[in-house]
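Step one of this worksheet: look at the structure below.
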Amino acid sequence: MSEKDFDLEYLSKSYHYIRDRIPIAPKILIICGSGLGALAETLRHPLSILYKDVPNFPQTTVEGHEGKLVFGELSSVNVVCMLGRPHYYEGYSLKQIAIPVRVMKLLGVETLFVTNAAGGVNPSYKVGDIMVIKDHINFLTLGGQNPLRGKNDPNFGPRFFAANRAYDKALIATARQVARELKLAHVYHEGVYAIYSGPNYETVAEIKMLRMLGVDATGMSTIPEVLVAKHCDMTVFGISLITNKCIASYDVEDEPNHEEVLRAVTQSSERLKQFVSGIVAKGPCGCKNERA
Ligand code: HPA
């Protein structure tokens, strides 16, 4: 993919297509991970746009990922839900994965809420637990891969930018409070997420290494979008739903699989819906419903 594919001129085609079809600018982009799209069902005045109809938009090929944008109101805030995200393991470049984030920035989005299904690396985590992401380890960047590699487009942000405060502390504090109010404290964690390219799940030795490095949950997404959002000065908040316990022993017969991940997501989707709505209702992302 050429660097040009990620710049303002290229993205303006996607921007204009969407801008001409929505009545109100969204303030929050909510990226719904595997099977986590139920949140979009709760939006008031929903308006859907299929990825396949948006020029220059990446598609998604994974079961449980629908491939549509739903614009609407959540807790009186204008949001857009992305149902399904492209992943690196599907063959997309990291730049392509992050195209929707830049397009939504052009449309007026100020805050990114990103959700994912993740394996619990921390042995105390259980299936169905919620981990708010407080930091991450980007194994792709440690290997030289980054969506911001290449010519910088200053229309979006600076060449060099900080990532040490990538996850917004005020929103994490709000999440903690909402977890208490919803009586979710027993399933609530704040931890470190690591991206692993996939599509295979991790080996036993890899899980042991992740534990030594202080990783609490691992998955195959999220960090490219977070970096691009941070680069263009969005406020970022992330949630991992723990869908399986990562296996750190050679004596265990079980193997992680996508069906178990989707099952866990289905069982926890109501909890996650309430949690996200509660945070949006309280969050520092005020509702100024402007024309797009
Ligand atoms: N590993 C990587 N990605 C995942 C996992 C996992 O255990 N569970 C859900 N996505």
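The values are calculated or read from the model by the stated rules, or taken from the named source; none is laboratory data. Note that the structure is a prediction, hence the values are computed from the model and not measured. Remember, those area values only see protein heavy atoms, side chains included, never the ligands or the DNA or RNA. Shrake-Rupley method; radii C 1.70, N 1.55, O 1.52, S 1.80 Å.
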The chain - accessible surface per residue (Å², probe 1.4 Å)
44 Å²
For the stretch 1-135, what is the per residue volume of the convex hull drawn over the alpha-carbon atoms, in cubic angstrom?
126 Å³
Sorted from largest to smallest, which semi-axis lengths in Å does the alpha carbon gyration tensor of the stretch 76-115 give for its equivalent ellipsoid, taking the root of 5 times each eigenvalue?
21, 12, 7
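Provide Rg over Rh for the stretch 10-68; use the alpha carbon set for both Rg and the Kirkwood Rh (inverse mean inverse pair distance). Mind dumping the intermediate values first?
Details: Rg = 12.2 Å, Rh = 12.8 Å.
Looking at the stretch 10-68, the ratio lands at 0.95.
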Among Gly119, Gly238, Gly91, which one shows the biggest mean-square fluctuation in a GNM of the chain, springs joining Cα atoms closer than 10 Å?
Gly91
Return one quarter of the surface area of the convex hull spanned by the alpha-carbon atoms of the stretch 142-285, equal to its mean projected area, in nm².
10.5 nm²
List the residues, sorted by chain then number, that are 5 or more residues from Ile137 or on another chain and whose placed amide H is less than 5 Å from its amide H.
Tyr193, Ala194, Ile195
Label the stretch 127-208 by shape, choosing from rounded, prolate and oblate, from the square roots a ≥ b ≥ c of the eigenvalues of the Cα gyration tensor; if a/c is under 1.5 it is rounded, and otherwise prolate applies when a/b is larger than b/c, oblate when it is not.
oblate
Quote the relative contact order of the chain in percent (integer), defining contacts as alpha-carbon pairs under 8 Å separated by 6+ residues.
27 percent
Which three extents, in whole angstrom, do the alpha-carbon atoms of the stretch 55-183 cover along their principal axes, largest first?
46, 36, 33
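Given the -39500 (n - 2.57) contribution per DSSP H run of 4+ residues, what per-residue ellipticity at 222 nm results for the chain, rounded to the nearest 500 deg cm²/dmol?
Details: 8 runs with 85 residues, N = 292.
Calculated from helices alone, the mean residue ellipticity at 222 nm is -8500 deg cm²/dmol.
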Evaluate the Kirkwood expression for the hydrodynamic radius of the chain, namely the inverse of the mean inverse distance over all pairs of different C-alpha atoms, and round to one decimal in Å.
19.0 Å
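Normalised by the residues of the stretch 122-261, what does the relative contact order come to in percent, with Cα pairs under 8 Å and at least six apart? Spell out each step's value before the answer.
Working: 189 pairs, mean separation 57.7, N = 140.
Worked out over the stretch 122-261, it gives 41 percent.
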Of the accessible area of the chain, computed with a 1.4 Å probe and all protein chains kept, carbon and sulfur make up a percent value of 50 percent
Helix 169-181 vs. the chain, principal-axis angle (Cα, 0 to 90°, nearest 10):
60 degrees
For the chain, take the longest principal axis of its alpha carbons; what is the angle in degrees between that and the long axis of helix 258-282, to the nearest 10 within 0 to 90?
60 degrees
Amide proton proximity set for Val114, modelled H, under 5 Å, gap of 5+
Ile31, Phe237, Gly238, Ile239
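What shape does the stretch 134-175 have by the C-alpha gyration tensor, where a ≥ b ≥ c are the square roots of the eigenvalues, rounded means a/c under 1.5, and otherwise prolate means a/b greater than b/c and oblate the rest?
Values: a/c = 3.49, a/b = 1.49, b/c = 2.34.
Oblate is the answer for the stretch 134-175, as a/c is 1.5 or above yet b/c matches or exceeds a/b.
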Quick query: amide H of Lys245 versus all other amide H atoms, modeled in the peptide plane; which residues come in under 5 Å with a sequence gap of 5 or more or a different chain?
Gly120
When the chain is treated as a GNM, springs tying every alpha-carbon pair under 10 Å, which of Phe237, Phe161, Phe71 comes out with the largest mean-square fluctuation?
Phe161
Take the chain, connect every pair of alpha-carbon atoms lying under 10 Å apart with a spring to form a Gaussian network, then pick out the residue of Ile223, Ile137, Ile239 with the largest mean-square fluctuation.
Ile137
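Using the structure shown, select from Lys105/Lys134; Lys52/Lys95; Lys169/Lys230; Lys27/Lys183; Lys68/Lys95 the pairs with a Cα to Cα distance greater than 25 angstrom. Please report the intermediate quantities before stating the final value.
Working: Lys105/Lys134 23 Å; Lys52/Lys95 18 Å; Lys169/Lys230 14 Å; Lys27/Lys183 28 Å; Lys68/Lys95 19 Å.
Beyond 25 Å between Cα atoms: Lys27/Lys183.
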Under the Karplus relation 6.51 cos²θ - 1.76 cosθ + 1.60, θ = phi - 60°, what is the ordered set of whole-Hz ³J(HN,Hα) values for the stretch 125-140, x standing for Gly and Pro?
7, 10, 4, x, 5, 10, 10, 7, 7, 9, 6, 9, 10, 9, 5, 5
Cα-based helix-to-principal-axis angle, 8-19 vs the chain, degrees rounded to 10
80 degrees
